[in-house]
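Reviewing the structure listed below.
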């Protein structure tokens, strides 16, 4: 897959996530300014599996008294950010996008598959690489037959990377593989 930079400029992002053992779920928004200088807002949500490690354990730091929510030998954790938090990102077009740039804002709607890494102790950071605009039926069929996931990824018109700060009840570092969807929400007002 060859990626080329889109002329759409990343504005901001925000989101919240929760994790229990290997299971992760999140929801959020991101915004871009198009070539006509109009800003567009997108909402996304995802669910997936991942692996986390205790940050204070990895760094051999003394454990502080962060509140722990333990459910049947697993820990519940969460973090979030608003658009006031610093974030950055970039949009890239794939081979599936035939024009010079995105033809319309709705081109990014559809399914998404993404990799996410996060870490922090109360204050932390998150980074994601998302494929946008995937065929939702192909993703659903990919549950039964994984070859459809590869076909869905190759049909994505764009890929987004974004990163930003967050805060929450966290003492961990980890990565996850997520499935979800992206919906266009119209023009974005700062």
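The residues of segment 87-99 that are in contact (Cβ under 8 Å) with a residue 24 or more places away in the chain and within 20 Å of residue 35 (Cβ to Cβ), listed by number, are 88, 89, 90, 91, 92, 93, 94, 96, 97. If you take the residues in segment 133-148 that are touching a strand residue (DSSP E or B) at 6+ places or on another chain (Cβ under 7 Å) and buried (at least 16 other Cβ atoms within 10 Å of the Cβ), which one is farthest from residue 109 (Cα to Cα)? Within segment 133-148, the match that is farthest from residue 109 (Cα to Cα) is 139. Residues in segment 136-156: is at least one at pLDDT 90 or above and in a strand (DSSP E or B)? No: segment 136-156 contains no residue that is at pLDDT 90 or above and in a strand (DSSP E or B).
Can you confirm whether residue 72 is touching a helix residue (DSSP H, G or I) at 6+ places or on another chain (Cβ under 6 Å), surrounded by fewer than 18 Cβ atoms within 10 Å (Cβ to Cβ) and at pLDDT below 80? Answer is no for this residue. Among the residues of segment 112-132, none qualifies, meaning not one is in contact (Cβ under 8 Å) with a residue 12 or more places away in the chain and part of a helix (DSSP H, G or I). Going residue by residue through segment 91-98, is there one that turns out to be assigned to a loop (DSSP other than H, G, I, E, B), under 21 Å from residue 7 (Cα atoms) and modelled with pLDDT of 90 or more? Checked segment 91-98: at least one residue is assigned to a loop (DSSP other than H, G, I, E, B), under 21 Å from residue 7 (Cα atoms) and modelled with pLDDT of 90 or more.
The values are calculated or read from the model by the stated rules, or taken from the named source; none is laboratory data. All of these numbers come straight from a predicted model, not from anything done at the bench. Here the Cβ is made from the backbone with ideal geometry for all residues, glycine too, and neighbour counts use every protein chain on show.
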